[in-house]
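J.: I am attaching a structure below and will ask some questions about it afterwards.
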Amino acid sequence: MRPIIGTEPTGQITSELRADDLMQPGRVNGLAYTDPAVFEAELERIFTGGWVFVGHESEVPAAGDFVTRRLGLDPVIMVRDRGGDVHVMANRCSHRGVTLCQHASGNTGSFACIFHGWTYGLDGALRGVPQPGGMCSDRETLGLNRPGQVASYRGFVFANASGDAGSLDEHLGPGGIELLDWACDLSPVGELQISAGWLGQRVSSNWKMWAESDLDGYHLGRLHASLWRVVPGSQYEAAVLAGENVVTATTRDRGRGHVELEFWRGYDRQLAWLGVERGQVADYCEALIARHGSDRAEELLWQGPPHALIFPNLFLGEMNLAIIDPLAPDLTVHHHTPLLLGGVSPEFNRRVLRQSEAAMGPAGFLLPDDATAAERMQIAFGHSGGWMDLSRGMDREQVDARGDRIGHVSDEVTTRGFWRHWAELMATS
Amino acid sequence: MDAAVSTVSDDRDLRAEVEQLLFLEARLADESRYEEWLALMTDDVRYWVPSGPADYDPDTRISFVNDNRNRLETRVRQLLTGVRYAQTPPSPMRRVISNLEIESTDDDGTITVGSNFVLYELSAQATNELRIWAGRATHRIRRVDGELRIAAKTVELVNATQALPTLAFLL
């Protein structure tokens with residue numbers, strides 16, 4: 001038998017569907033996108049049973065700064081307290097369940113419920129209860145609910161609602177750790193500055209189509225042809241568009257669902273990813289050499305940022321971060337923010353911001369076309385699903401010394417890597 | 001007395017001319033007549049769709065659209081390729097413009113005009129949903145070679161702080 005997408009897809013995904021109903025060698029059934037029971041199982045096993053990305057600590061630099069996010073469908077607050085610690089806790093009053101924060105971000109001294117006025121500190125502890133004489137419960141037990149596990153790495157905050165997903169290190173693995181380090185290494189002070197806010201793109205498609213299309217090196221020439229025609233000379237020309245037998249860029253499955261497009265292997269010049277010549281960012285180059293030494297700095301100046309998915313919901317989209325937010329089987333929000341760097345000039349970060357606006361979001365030059373394709377996939381699978389062929393490059397993918405599967409940049413190595421891990425999590429008997 | 005009458009009359013003429021410009025701009029956008037729409041813009045035009053009220057520094061916070069003339073021309077040329085799939089086919093649209101107010105006139109004659117709009121869009125590329133967009137546009141308008149032209153357009157959507165569906169057409 002040829003290599004298959006799922007390891008041994010035989011387990012039960014829902015009471016109706018077994019893994020081998022959804023996955024066969026080289027193909028996946030569209031029911032995995034459309035079936036409400038699959039979505040329910042994903043919320044349980046992936047978005048509350050596993051680690052998900054919540055936010056970056058630099059989004060909440062000062063005491064009282066907060067942002068609101070979701071763990072699966074459950075609203076949470078990420079907030080910095082007066083001691084400098086960052087907490088992730090339910091955006092839900094412990095009394096009667098009203099959301100506490102209505103805004104996407106802000107600064108506050110405490111969280112007060114509009115309904116009866118219960119008030120919580122920045123650490124989630126219940127501080128104030130109006131008319132306390134009638135209170136029968138122990139207020140120590142009524143702080144804001146917390147995910148079972150919260151951990152951060154290089155400022156990237158992750159949470160796991162269930163509390164039994166193993167350690168964050170295990171989830172990220174060496175591959176995930178390396179990707180996050182790499183993104184931070186682009187800053188001459190080793191720090192990201194996620195401060196420009198997020199834009200949301202609302203799409204009538206399943207969330208997994210975003211995990212796939214964000215990491216699909218095959219579609220660029222076709223779906224995004226309109227951009228290359230009017231903006232020639234981008235870094236993607238040499239890396240992807242030059243032709244199947246010419247390009248040297250690769251695709252990589254780092255395991256645990258963390259997958260990557262290595263466009264940089266196909267670049268034809270340094271700093272192609274920033275669209276500048278070295279002289280335009282001389283200070284940046286010098287600062288990077290000062291921090292990393294010449295060898296690593298020159299490598300970074302060639303590579304630029306990673307293009308990778310940290311399973312399941314964090315897209316390291318070159319000079320962008322994106323969060324894939326599942327709302328329903330056929331409704332997803334793709335949020336993005338520019339990957340601004342600490343220790344660089346305002347002009348540098350302004351360039352990153354302008355590039356982010358150009359590429360991403362509902363009015364960007366790229367992502368609206370991906371949204372259109374995803375929505376048409378969702379429509380196409382209707383009620384009955386139907387098989388998708390994901391075998392591209394199966395016969396030429398290789399396993400390198402680290403155990404990563406690698407292939408041609410246009411090969412569906414990333415998509416298979418995503419589904420393989422999905423199957424491991426979902427096909428529990 | 002004569003001067004006052006004359007001013008009112010001039011104001012009426014100007015208002016009518018501004019209205020005609022905005023109605024024309026709206027119709028060209030509705031009908032995806034991109035080049036004709038672009039021809040109404042000055043060489044230094046700025047087209048801005050902020051991610052909330054337009055009271056922030058767009059160099060430090062992200063916007064849905066923040067185009068100078070160069071990027072706006074690229075946007076239009078992308079639409080004109082015929083393979084901008086997010087607008088292929090173009091969305092049928094009609095918008096209504098109202099509550100027009102001439103807010104100020106600068107010393108150089110540049111006029112600031114506010115107006116409300118409601119836009120109905122058929123998302124014809126995939127879902128065929130009827131989408132409703134609403135907000136307030138602020139135009140900066142000045143005379144170039146005798147014709148009124150748009151030097152800046154800022155569109156504050158009522159739902160600018162929320163996730164938006166595909167916005168690949170011209171607001």
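J.: Filter region A:247-278 down to the residues that are buried (at least 21 other Cβ atoms within 10 Å of the Cβ) and assigned to a helix (DSSP H, G or I), then identify the one that is nearest to the chain's Cα centre (by Cα).
T.: A:Phe263
J.: When region A:192-219 is examined, which residues are found to be more than 13 Å from chain B (Cβ to nearest Cβ) and aliphatic (A, V, I, L, M)?
T.: Within region A:192-219, A:Leu192, A:Ala211, A:Leu215 meet the criteria.
J.: Continuing with this model, one more query. Output the strands (runs of 3 or more DSSP E) that fall wholly within region A:280-360 and possess 1 or more residues being modelled with pLDDT of 95 or more, within 13 Å of another protein chain (Cβ to nearest Cβ) and in contact with a Ser or Thr (Cβ under 8 Å, 6 or more places away or on another chain), or say none.
T.: Per the criteria, A:320-328, A:331-338.
J.: When you look at A:Glu237, is it of a type in the set (Asp, Glu), at pLDDT below 95, surrounded by fewer than 21 Cβ atoms within 10 Å (Cβ to Cβ) and within 27 Å of A:Arg402 (Cα to Cα), yes or no?
T.: So A:Glu237 fails the test.
J.: Okay, moving on. Starting from residues that are aliphatic (A, V, I, L, M) and touching a Phe, Trp or Tyr at 6+ places or on another chain (Cβ under 9 Å), keep the ones in region A:372-405 and report whichever is farthest from the other protein chains (Cβ to nearest Cβ).
T.: Filtering region A:372-405 down to residues aliphatic (A, V, I, L, M) leaves A:373-374, A:377, A:379-380, A:388, A:390, A:394, A:399, A:401.
Filter once more, so that each one left must be touching a Phe, Trp or Tyr at 6+ places or on another chain (Cβ under 9 Å): A:373-374, A:377, A:388, A:390.
On the way: A:Ala373: 7, A:Ala374: 8, A:Met377: 9, A:Met388: 17, A:Leu390: 21 Å.
Top of the filtered list is A:Leu390.
J.: Another question about this same structure. Could you check region A:8-60 and list, in sequence order, the residues that are in contact with a Leu (Cβ under 8 Å, 6 or more places away or on another chain) and among the β-branched types (Val, Ile, Thr)?
T.: To start, the set of residues in region A:8-60 that are in contact with a Leu (Cβ under 8 Å, 6 or more places away or on another chain) comprises A:9, A:13, A:17, A:21-22, A:26-29, A:31-32, A:35, A:37-38, A:43, A:45-54, A:56, A:58.
Result: A:Ile13, A:Val28, A:Val38, A:Ile46, A:Thr48, A:Val52, A:Val54.
J.: Mind checking which pairs have a first residue in region B:63-81 that is more than 8 Å from chain A (Cβ to nearest Cβ) and part of a helix (DSSP H, G or I) and a second that is surrounded by fewer than 17 Cβ atoms within 10 Å (Cβ to Cβ) and at pLDDT 95 or above, Cβ under 7 Å, 6 or more apart or different chains?
T.: That search, which allows pairs on different chains as well, returns B:Arg69/B:Asp43; B:Arg69/B:Asp44; B:Val76/B:Glu35.
J.: In region B:28-69, how many residues are charged (D, E, K, R) and either touching a Gly at 6+ places or on another chain (Cβ under 8 Å) or crowded, with 16+ Cβ neighbours inside 10 Å (or both)? Show your work before the answer.
T.: Of the residues in region B:28-69, the ones charged (D, E, K, R) are B:30-31, B:33, B:35-36, B:43-44, B:46, B:55, B:57, B:59, B:61, B:67, B:69.
Pick out the ones that are also either touching a Gly at 6+ places or on another chain (Cβ under 8 Å) or crowded, with 16+ Cβ neighbours inside 10 Å (or both) and you get B:30, B:46, B:61, B:67.
Residues in region B:28-69 being charged (D, E, K, R) and either touching a Gly at 6+ places or on another chain (Cβ under 8 Å) or crowded, with 16+ Cβ neighbours inside 10 Å (or both): 4 in total.
J.: In region A:183-232, which helices (runs of 4 or more DSSP H) lie fully inside it and hold 1 or more residues that are among the hydrophobic types (A, V, I, L, M, F, W, C) and surrounded by fewer than 19 Cβ atoms within 10 Å (Cβ to Cβ)?
T.: Working: elements: A:208-213, A:220-223, A:225-230.
Hits in region A:183-232: A:225-230.
J.: Only one of (1) surrounded by fewer than 18 Cβ atoms within 10 Å (Cβ to Cβ); (2) at pLDDT 95 or above; (3) not in a strand (DSSP E or B) is not met by B:Gln125, so which one is it?
T.: (1)
The values are calculated or read from the model by the stated rules, or taken from the named source; none is laboratory data. Remember, predicted model here, so these are calculated numbers, not experimental data. As a convention, Cβ positions derive from the backbone with ideal geometry for all residues, glycine included, and neighbour counts pool all protein chains shown.
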